[in-house]
């Protein structure tokens, strides 16, 4: 090797002793004082760097097994929380329906009306179960169902504003109750909710209340009343949830 290696001494000193390039450099250094001194200096520098670096923890045989087990436990815990939250949401929507039945001013047990009411309740439940991964579609389904429900249920003229204001406030209370139950369960589990999920849950609770109004309202077939106060209550609850969730701090974790 005729070329000098002083400018590459640090690199060459870091190579394994059996490396062909290092052997050639050491052979050259036997006859070149400056390169020999550079290689010696490079060797001392490499030794200092190795002592300064933290020692690498040896990999034991248990580590590859422990990590999947830990990940499995975390996955099982997340799945359990998701199931608990799903059941809480379903229960909260049903509670909104029952709440509406208990506070309504004109409860009448009619089989046809009961079947329609339960069918609309089923749509509300589907919006927080089947459509829980698609919040926009869930909210759109709630709004369309509520609008059609109010339109098709109207068979008599009338606004009944005095009754209607109470109907709207009862729907808002039921929607708020739905959200309060789900939020409380989520908080205990360390789960936070984004804007889409919050709006979908509140809208589903409002639709369940609308379904209850079909049995509990004093004027359940007045067309203008249904559109303005029953359908309007669902729209208002959905809008308030969307605006309120949009102003809330960003969630630290998604449900």
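The values are calculated or read from the model by the stated rules, or taken from the named source; none is laboratory data. Since the structure is predicted, the reported quantities are computational estimates derived from the model, not experimental observations. Counting neighbours? That spans all protein chains shown, and the Cβs are built from the backbone with ideal geometry, glycine included.
Would you be able to say whether some residue in the stretch 95-102 is surrounded by 14 or more Cβ atoms within 10 Å (Cβ to Cβ), within 22 Å of residue 81 (Cα to Cα) and either in contact (Cβ under 8 Å) with a residue 24 or more places away in the chain or not assigned by TED's automatic domain parsing to the domain that holds residue 217 (or both)? Yes: the stretch 95-102 contains one or more residues that are surrounded by 14 or more Cβ atoms within 10 Å (Cβ to Cβ), within 22 Å of residue 81 (Cα to Cα) and either in contact (Cβ under 8 Å) with a residue 24 or more places away in the chain or not assigned by TED's automatic domain parsing to the domain that holds residue 217 (or both).
For the stretch 205-219, residues that are closer than 22 Å to residue 141 by Cα and either in a loop (DSSP other than H, G, I, E, B) or more than 30 Å from the chain's Cα centre (by Cα) (or both) total 3.
Of the residues that make up the stretch 51-58, is at least one in a helix (DSSP H, G or I) and either at pLDDT below 75 or in the same structural domain as residue 126 (by TED's automatic domain parsing) (or both)? Yes, the stretch 51-58 has at least one match. Considering only residues that are surrounded by 15 or more Cβ atoms within 10 Å (Cβ to Cβ) and touching a residue at least 24 places away in the same chain (Cβ under 8 Å), which ones fall in the stretch 136-146? Answer for the stretch 136-146, where residues must be surrounded by 15 or more Cβ atoms within 10 Å (Cβ to Cβ) and touching a residue at least 24 places away in the same chain (Cβ under 8 Å): 138, 139, 142, 143, 145, 146. Only one entry in 70, 77, 14 is at pLDDT 80 or above and either under 30 Å from residue 182 (Cβ atoms) or surrounded by 12 or more Cβ atoms within 10 Å (Cβ to Cβ) (or both), namely 77. Take the conditions within 30 Å of residue 79 (Cα to Cα) and free of Cβ contacts under 8 Å to residues at least 12 places away in the same chain and apply them to residue 132. Does it pass? No; evaluated as a whole, the condition is false for this residue.
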